[in-house]
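Here is the structure we will look at.
Throughout, read-outs are computed from the coordinates displayed, never taken from laboratory work. On a predicted model such as this, the values are computed, not experimentally measured, just so you know. In this analysis, Cβ positions are derived from the backbone assuming ideal geometry, glycine residues included, and neighbour counts consider all displayed protein chains.
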Amino acid sequence: MNLTPEINALYAIFEKYPLKYIEGGNSRSEEMLANQLLQSKELRSLSVDDLSFFVGHSITTFGGIDDWKHFCPRIIENLVIAQDDFHEKAVVLNRLRLGNWEQWPHDERNALDSFFKSNWIHQNLQLPNDDGEIIDSWLVAYSKIYDSLDWYLKKWVELEQIASQINLAIWVNRNAQRILEKNKMKDLFWDKEIGKSVIDFIKSEVVRKRIKKLSNVDTKYSECVYTACVYVDALQG
């Protein structure tokens, strides 16, 4: 799945917010260096390192909401490009919550929501090469900006592609042991209430059936799928 249309839409929606010299409550030298980095390249060329200081301090001590909106498309794009090399996704998207994004103009909220939903499908269509951390980190991040993850979880089990099902199995394996021991998700960044709803989802019959169905497919992930089958049975026991 190609995210280019959604990314381009973000740039188009937020282009009305100009680049400005940013002042904040940090040291003068840090402020000057950060501004130099932010103004050194075109927006679409700014790297993770170029944006690191801004992302870590924006809205709270360095720059306001309009500044964040200017850099928002590249920050979001870098989350997808860099994956684990950027700030924790939950930390980044929490800046949206701090900026009261749910009160932003409709076209801005709609562009972000459309990107996040398309990105969720995109991430699930990639065969995993980790222990489910990338998928988990996106869900945790979304829990910072949405009151419910129902759309994302429902869409997950609706996707028929085998990559999506394997991602589900690996994600179950990542979290199941901690759920069995402490009834908590593995990642400590989970919102408490949303975390409970996600645990209910993992324990649900719809997830168990989806994992069991995958057990009949011969893939290089067969051992992982077998483990997930054991876990979903234990979670319902």
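Based on the reciprocal of the average 1/r between different C-alpha atoms, the Kirkwood radius for region 67-134 equals 13.1 Å. Counted over all Cα-Cα pairs of region 187-237, pairs farther apart than 17 Å make up 43 percent.
Along its first, second and third principal axes, ordered by size, the chain spans 58, 35, 31 Å in Cα coordinates.
Counting other C-beta atoms within 10 Å, which of Ile194, Ile81 has the fewest, and how do the rest follow? If you can, show how the numbers build up before the last one.
Numbers: Ile194 20, Ile81 13.
Least crowded to most crowded, the residues run Ile81, Ile194.
In this calculation the C-beta distance from Tyr17 to Ser197 is compared with R0 = 25 Å, giving a FRET efficiency of 0.15.
Test of understanding: what is the full-extension gain from Lys184 to Asp66, defined as 0.36 nm times their sequence separation minus their Cα-Cα distance?
Values: separation 118, 0.36 × 118 = 42.48 nm, distance 3.68 nm.
Additional length available on full extension: 38.8 nm.
Taking each of Lys155/Lys196; Lys154/Lys220; Lys69/Lys144; Lys196/Lys220; Lys20/Lys89; Lys144/Lys196 in turn, the alpha-carbon distance tops 22 angstrom for Lys154/Lys220; Lys196/Lys220; Lys20/Lys89. Contact order for region 102-237, expressed relative to its length and based on alpha carbon pairs under 8 Å spaced 6+ residues apart, stands at 25 percent. Straight Cα distances below 14 angstrom link Lys186 to the aspartates and glutamates Asp131, Glu133, Asp136, with same-chain residues fewer than 8 positions distant left out.
Taken along its principal axes, the alpha carbon cloud of region 100-213 reaches lengths of 43, 31, 25 Å, longest axis first. The mean sequence distance of close C-alpha pairs (under 8 Å, at least 6 residues apart), as a share of the length of the chain, puts its relative contact order at 17 percent. A Förster radius of 22 Å, combined with the Cβ-Cβ distance separating Tyr226 from Lys155, puts the computed FRET efficiency at roughly 0.30.
Ordered by the count of other Cβ atoms within 10 Å of each Cβ, fewest first, Lys192, Lys20, Lys69 give Lys192, Lys20, Lys69.
As a proxy for reagent exposure, Ile7, Ile145 were ordered by neighbouring Cβ count within 10 angstrom, fewest first; the result is Ile145, Ile7.
Please quote Rg/Rh for region 108-153 to two decimal places, taking the Kirkwood radius as Rh and restricting both calculations to Cα atoms. If you can, show how the numbers build up before the last one.
Working: Rg = 11.0 Å, Rh = 11.3 Å.
Result: Rg/Rh = 0.97.
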